[in-house]
Amino acid sequence: MLLQKGMSAIITGSAKRIGKNMSIRLAQEGVNLALHYNSSDEEAIELEKILKKYEIQTTLIQQDLNENNAGDKIFKKAVEKLGKIDILINNASIFPERSMKTFTYNDLIASINIHAWAPLQLSRHLYFHAEKGVIINILDTRLWDYDLSHASYFMGKHLLRNITRILAVEFAPKIRVNAIAPGLILPPPGKTKEYLKKMSKTNPLQTFGDEDDVSNAVIFLLKAKFITGQVIFVDGGRFLLGSTNDGTI
Ligand SMILES: NC(=O)c1ccc[n+]([C@@H]2O[C@H](COP(=O)([O-])OP(=O)(O)OC[C@H]3O[C@@H](n4cnc5c(N)ncnc54)[C@H](OP(=O)(O)O)[C@@H]3O)[C@@H](O)[C@H]2O)c1
């Protein structure tokens, strides 16, 4: 399946930051969009206004992914509004500071719901719904070693990494399933660009990326008809060095 004007995509966590950038890039390609968000109502409405000039169909879907049947509800609403769905981007995330010594049951369940269960539900729907489709899961370069400061996040994202590998086999040849593992792209909430500058030493390119770098990888994967089960690191090579080179642990 090649990326074409008139296709439709669901993007989770689309209202801000990296998800917003991906939404604009897909709109530029003529892709209709189901723009999922949770708490960012104003940003989501603003994004839908920005996208008007691309003459695509859009629909806003508010849903907390930390609910058992969140993925089912989102997919149903997206189909009701856009008809056929071709593309799913599992981007939504939470990034709480928690260590292995301190995270709670609820921390773990929230991470699993948002990073794994809702993405899996959405992926299953796409499989049964579409003749051909593409799934892109947004991971994190930290998964290739440790992130001791964000332990519940790390565990939830690891499930998504494994889901990517398994579904790439199980959903083939209908659906291609790939992932992107960003590194330093945007500072976490409460931190500034200084944080990115300080952390730049943790990757071989000694710098940080931006939202466009992630969206470029999204567009590449959407067009890459012979690629499935892959992870593209958008991280300045950070995965080659690992956490031993990372001042955060
Ligand atoms: N930023 C980076 O440098 C970086 C580095 C490595 C990996 N990544 C990965 O790249 C992706 C995008 O990163 P980002 O920094 O742009 O993400 P983000 O701002 O941390 O989160 C994206 C969106 O997830 C949504 N979300 C959070 N909790 C939710 C819930 N309970 N239900 C539904 N949606 C929920 C939020 O929507 P609302 O605002 O509407 O509540 C939020 O806008 C993430 O998967 C992240 O793990 C990012």
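Per-residue answers, yes or no, for (1) more than 13 Å from the ligand (Cβ to nearest atom); (2) open to solvent by 40 Å² or more (accessible area, probe 1.4 Å); (3) hydroxyl-bearing (Ser, Thr, Tyr):
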site	(1), (2), (3)
Ile18	no, no, no
Asn32	yes, no, no
Glu42	no, yes, no
Leu47	no, no, no
Lys53	yes, yes, no
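Which of the residues belonging to region 177-231 are closer than 24 Å to Ala130 by Cα and among the polar types (S, T, N, Q)? It would help to see each step written out before you state the result.
Applying the first criterion (closer than 24 Å to Ala130 by Cα) to region 177-231 yields 177-180, 215, 217-231.
Those that are closer than 24 Å to Ala130 by Cα and among the polar types (S, T, N, Q): Asn178, Ser215, Thr228, Gln230.
In region 80-94, how many residues are more than 9 Å from the ligand (Cβ to nearest atom) and either closer than 18 Å to Ala27 by Cα or open to solvent by less than 10 Å² (accessible area, probe 1.4 Å) (or both)?
Within region 80-94, residues that are more than 9 Å from the ligand (Cβ to nearest atom) and either closer than 18 Å to Ala27 by Cα or open to solvent by less than 10 Å² (accessible area, probe 1.4 Å) (or both) number 9.
Of the conditions (1) within 20 Å of Lys76 (Cβ to Cβ); (2) among the polar types (S, T, N, Q); (3) within 15 Å of the ligand (Cβ to nearest atom), Ser23 satisfies every one except a single condition; which number is it?
Among (1) within 20 Å of Lys76 (Cβ to Cβ); (2) among the polar types (S, T, N, Q); (3) within 15 Å of the ligand (Cβ to nearest atom), Ser23 violates only (1).
Mind listing whichever residues of region 177-206 are more than 7 Å from the ligand (Cβ to nearest atom) and in contact with a Gly (Cβ under 6 Å, 6 or more places away or on another chain)?
Asn203, Pro204, Leu205 - these are the residues of region 177-206 that are more than 7 Å from the ligand (Cβ to nearest atom) and in contact with a Gly (Cβ under 6 Å, 6 or more places away or on another chain).
So which residues in region 62-77 are more than 17 Å from Ala15 (Cβ to Cβ), crowded, with 22+ Cβ neighbours inside 10 Å and within 13 Å of the ligand (Cβ to nearest atom)?
Selection gives Gly71 alone.
Which of the residues spanning region 202-233 are of a type outside the set (Val, Ile, Thr), farther than 19 Å from Ile18 by Cα and in contact (Cβ under 8 Å) with a residue 12 or more places away in the chain? If you could, list the steps in order and put the result at the bottom.
To start, the set of residues in region 202-233 that are of a type outside the set (Val, Ile, Thr) comprises 203-206, 208-213, 215-217, 220-226, 229-230, 233.
Then drop every residue that is not farther than 19 Å from Ile18 by Cα, which leaves 203-206, 223-226, 229-230.
Within region 202-233, Asn203, Pro204, Leu205, Gln206, Lys223, Ala224, Lys225, Gly229, Gln230 qualify.
Among the listed residues Ala217, Ala168, identify the single one that is closer than 26 Å to Lys73 by Cβ and out of contact with any Asp or Glu (no Cβ under 6 Å at 6 or more places or on another chain). Step through it out loud before you land on a result.
Values: Ala217 fails: closer than 26 Å to Lys73 by Cβ.
Only one candidate passes the filter, namely Ala168.
What's the total number of residues in region 125-147 that are away from the ligand (no atom under 16 Å from the Cβ) and out of contact with any Gly (no Cβ under 8 Å at 6 or more places or on another chain)?
Within region 125-147, the subset away from the ligand (no atom under 16 Å from the Cβ) is 125-134.
Still in the list and also out of contact with any Gly (no Cβ under 8 Å at 6 or more places or on another chain): 128-134.
Total satisfying the criteria: 7.
For Asp107, all conditions in the list (1) out of contact with any Lys or Arg (no Cβ under 6 Å at 6 or more places or on another chain); (2) surrounded by fewer than 20 Cβ atoms within 10 Å (Cβ to Cβ) hold save one; what is the number of the exception?
Here Asp107 meets the rest and fails (1).
Just to be sure before I move on: is Asp86 among the charged types (D, E, K, R), more than 16 Å from His129 (Cβ to Cβ) and out of contact with any Cys (no Cβ under 9 Å at 6 or more places or on another chain) in the structure I sent?
no
Are there any helices (runs of 4 or more DSSP H) wholly within region 126-235 with 1 or more residues that are modelled with pLDDT under 95, open to solvent by 70 Å² or more (accessible area, probe 1.4 Å) and among the basic types (Lys, Arg), and if so which?
By residue number, 193-199.
The values are calculated or read from the model by the stated rules, or taken from the named source; none is laboratory data. Not measured: the values here are computed from a predicted model. Counting neighbours? That spans all protein chains shown, and the Cβs are built from the backbone with ideal geometry, glycine included. Note: accessible area is taken over every heavy atom of the protein model, side chains too, but ligands, DNA and RNA are not part of it. Shrake-Rupley method; radii C 1.70, N 1.55, O 1.52, S 1.80 Å.
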